[in-house]
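Worksheet for the structure shown next.
The values are calculated or read from the model by the stated rules, or taken from the named source; none is laboratory data. Because the structure is a prediction, the values reported are computed rather than measured. With ideal geometry, Cβ positions are generated from the backbone for all residues, glycine too; neighbour counts draw on all protein chains shown.
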Amino acid sequence: MTMQIRSMPLAKTLAQAVIITVATVSLIGCASTARNIDPQNEYHVDARYDFSDKQDIVATLSSSLLADPEVNEVGNRPVIISYGIANETSEHINTGGIADDIRANLIKSKQFRFLNRRQRQNIGDETDYQYAGFVPVEERVSEGRQLGADYILSGTLRSIEKKQPRQIRLNERRLIYYSMTLELTNLSTGEISWTDNVEIAREASQPIIGW
């Protein structure tokens, strides 16, 4: 009896030590952290679309369009109007950022000019204000002098996602395929003068249970 009475406190102490250790490790593992990363480097957290994919898409399609000889033979800096990129994926992806970055690259190249479709209403409102008598005649903008577009730039982002079938496992594997198509349509003829696409396929595995 004496030996049993002495062993119980030791067992209890060991149990408490184990619980404290596990709790400490859990708290350390669950602690949130933050750090700066270089956006120019490729970095993926999981299989889904991220900023590295955006950079690849923008760089590839911009370079392809700038290198197309047929489009660049049209004349001095053809005028383009962008109608955006449709998101046909199951994810909430801001495709406007892709279109804006491609437009920025094309403008910086000095090979193309772009119309600001988003500001059309504001341009009309400001013009009406100037012609309402609030601005001197010599300072008013001249009407009927806006540029006409030669091309329409548009695109579509699509995706296909595959998951492992339901079964007992510790990790879940996921495969996602993205396809981004961009096209340039001649406004006079309706012909697609240029088109190209970028494909991204990525497989990721993550634990079913984690924190």
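Things to note:
- Scope the stretch 89-126; condition among the acidic types (Asp, Glu) and surrounded by 12 or more Cβ atoms within 10 Å (Cβ to Cβ); matching residues: GLU91, ASP100, ASP101, GLU126
- Here the stretch 127-179 is the region considered, the condition is being under 28 Å from ASN94 (Cβ atoms), of a type in the set (D, E, K, R) and at pLDDT 90 or above, and the residue that is surrounded by the most Cβ atoms within 10 Å (Cβ to Cβ) is ASP150.
- Residue within the stretch 91-106 that is more than 15 Å from LEU153 (Cα to Cα), in contact (Cβ under 8 Å) with a residue 60 or more places away in the chain and in the same structural domain as LEU65 (by TED's automatic domain parsing) present: yes
- Among the residues listed as ILE102, ILE81, the single one being over 18 Å from the mean Cα position of the chain (by Cα) and at pLDDT 95 or above: ILE81
- The stretch 125-149 residues that are assigned to a helix (DSSP H, G or I), paired with ones that are surrounded by fewer than 10 Cβ atoms within 10 Å (Cβ to Cβ) (beta carbon under 8 Å, 6 or more apart): THR127/GLU143; GLN130/GLU139; TYR131/GLU143
- Any chance ILE200 is within 26 Å of LEU66 (Cβ to Cβ) and at pLDDT 95 or above: no
- Scanning the stretch 57-78 for residues that are surrounded by 12 or more Cβ atoms within 10 Å (Cβ to Cβ), closer than 12 Å to TRP194 by Cα and modelled with pLDDT under 90 turns up VAL71, ASN72.
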